[in-house]
Amino acid sequence: MTGVIVASGNGASALPAGMRVLARGGSALDAVEACAKVIEADITDTSVGRGGKPNVLGEVELDASIVDGTTHRSGAVAALKGYLHPISVARAVMERTPHVFIVGDGAARFAREIGAETTENLTPSTRKLWVERLRSVGETPASVRRRSKLLPIVRKTVREERGTVNFLAIDGHGDLASAVTTSGWAYKYPGRVGDSPVVGAGNYCDSRYGAAACTGYGELAIRNVTAKTAVDRLASGMPPDMVARAAIADANELEDAAFNIVVLSPKGVHASATNREGRRYVWMTTRMEEPVLVARMLVKRTTRRPQRGPPLSRASERSRSRPPGSASGSGRAPR
């Protein structure tokens, strides 16, 4: 089978690294980790890893998760400070501990114990952005650190500035894996954790049915258990393009907040949807020289609250679905 990797648009520069893993017969798990590490080390991406925007106190707190779709083994870390590759720490949680999720000081202790690479994740450029944001709400680094109550400040500092990068992959054996890594919501309350490290919310993978991962307002993915719901819909027979659209429609029912999803089936059919204009996703196969950026399908929020219901029946899906790849935001990887 042809290897394929699908990612959020900001993951484009990392796909060749993952493809090199797949081309030499490596696993999907190795491929998604390799991709995630590229973006974690890229200081130009201010929503992931080193150079990621900090919380309101100027601390860069990183979250990540990784899922093996064949065994369902998973690993995650959250609010991790001072380490370059949270995705590798998350994988170590999966492979070297009896746990799935380690957070905060415990995650840092574990990272230190396994010899994970340390770094200062707050770069001069992101520190400048943080100081400017504080100044815009009448605060300084010194004044905000003296405050006993941060919530009134956070309500002013947080805006629609969320990022994250995710990667879904199929290897030559047909095994799937998924990885998500992020620095979270810029200027957030310390300790805030979004959907990225929450398996089933922002990241889920099952080699029998497919994989899904989210970016944007993570609280919506947590409330809707979006990634697991998407894979359940794939399992029911719903095609990836309809799965992606349904996920955004679910999010739109809750709040008007930016939200995106990428979906990948075991056959290499992929799709992505969003509720914001101009958002893209990226994909690549082992037969391609470079990745392709594609517009995500746009699912706008309606003023009337739609009625929630179970996934469509197989008959309904067949009657309403288009062939994969027939519209922007979806496609099929060559086999």
Practice task
Check the straight Cα-Cα distances from residue 300 and name the aspartates and glutamates below 18 Å, setting aside those fewer than 8 residues away within the same chain.
Solution key: 160, 241, 250, 253, 255, 256, 277
Handout entry: Set of lysines with alpha-carbon distance to residue 156 below 20 Å, sequence-local pairs under 8 removed
Key = 53, 128, 188
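Can you tell me the length gained on complete extension of the stretch residue 127 to residue 23, counting 0.36 nm per residue apart and subtracting the Cα distance? Write out the running numbers ahead of the final one.
Details: separation 104, 0.36 × 104 = 37.44 nm, distance 3.90 nm.
In short, 33.5 nm is gained.
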Exercise for the section: Work out the charge dipole of the chain with +1 on the Cβ of Lys and Arg and -1 on the Cβ of Asp and Glu about the Cα centre, then indicate which of 177, 274, 7 is farthest towards its positive end. Expected result: 274
Problem - Net +/- balance of residues flanking residue 161 in space, Cβ distance below 11 Å, scoring K and R +1, D and E -1 - result: +4
Handout entry: Among [x] 29, 26, 20; [y] 46, 23, 20; [z] 31, 24, 17, the entry that matches semi-axes √(5λ) of the Cα gyration tensor in Å as calculated here
Key = [z]
Practice task
Quickly estimate the mean residue ellipticity at 222 nm for the chain, helices only: each DSSP H run with n ≥ 4 gives -39500 (n - 2.57), and the total goes over all residues, rounded to 500.
Solution key: -9500 deg cm²/dmol
Problem - By average C-beta atoms within 10 angstrom, highest first, the peptides 109-117, 78-86 - result: 78-86, 109-117
Fill in the blank from the handout: The answer for residue 213, listing residues at least 5 apart or on another chain whose modeled amide H is closer than 5 Å to its amide H, is 262
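Run the dipole for the chain about the Cα centre, Lys and Arg Cβ at +1, Asp and Glu Cβ at -1, nothing else charged, and hand back the magnitude in debye, nearest 20.
Numbers: 47 positive and 33 negative charges, 201 e Å.
Taking the Cα centre of the chain as origin, the dipole is about 960 debye.
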Practice task
Note down the magnitude of the dipole of segment 3-61 about its Cα centre, charges +1 on Lys and Arg C-beta and -1 on Asp and Glu C-beta and zero elsewhere, to the nearest 20 debye.
Solution key: 220 debye
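Once you charge only the Cβ atoms, +1 for Lys and Arg and -1 for Asp and Glu, what is the size of the charge dipole of segment 49-157 about its Cα centre, to the nearest 20 debye? Numbers along the way, then the final one.
On the way: 18 positive and 11 negative charges, 127 e Å.
Charge dipole of segment 49-157: 600 debye, to the nearest 20.
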Handout entry: Length-normalised contact order of the chain in % [C-alpha pairs under 8 Å, at least 6 apart]
Key = 20 percent
Problem - Cross-link partners of residue 37 among aspartates and glutamates (Cα-Cα below 14 Å; sequence separation of 8 or more within a chain) - result: 45, 63, 117
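Every number in this text was worked out from the coordinates using simple rules, so none of it is lab data. Note that the structure is a prediction, hence the values are computed from the model and not measured. We place every Cβ from the backbone using ideal geometry, glycine too, and count neighbours over all the protein chains shown.
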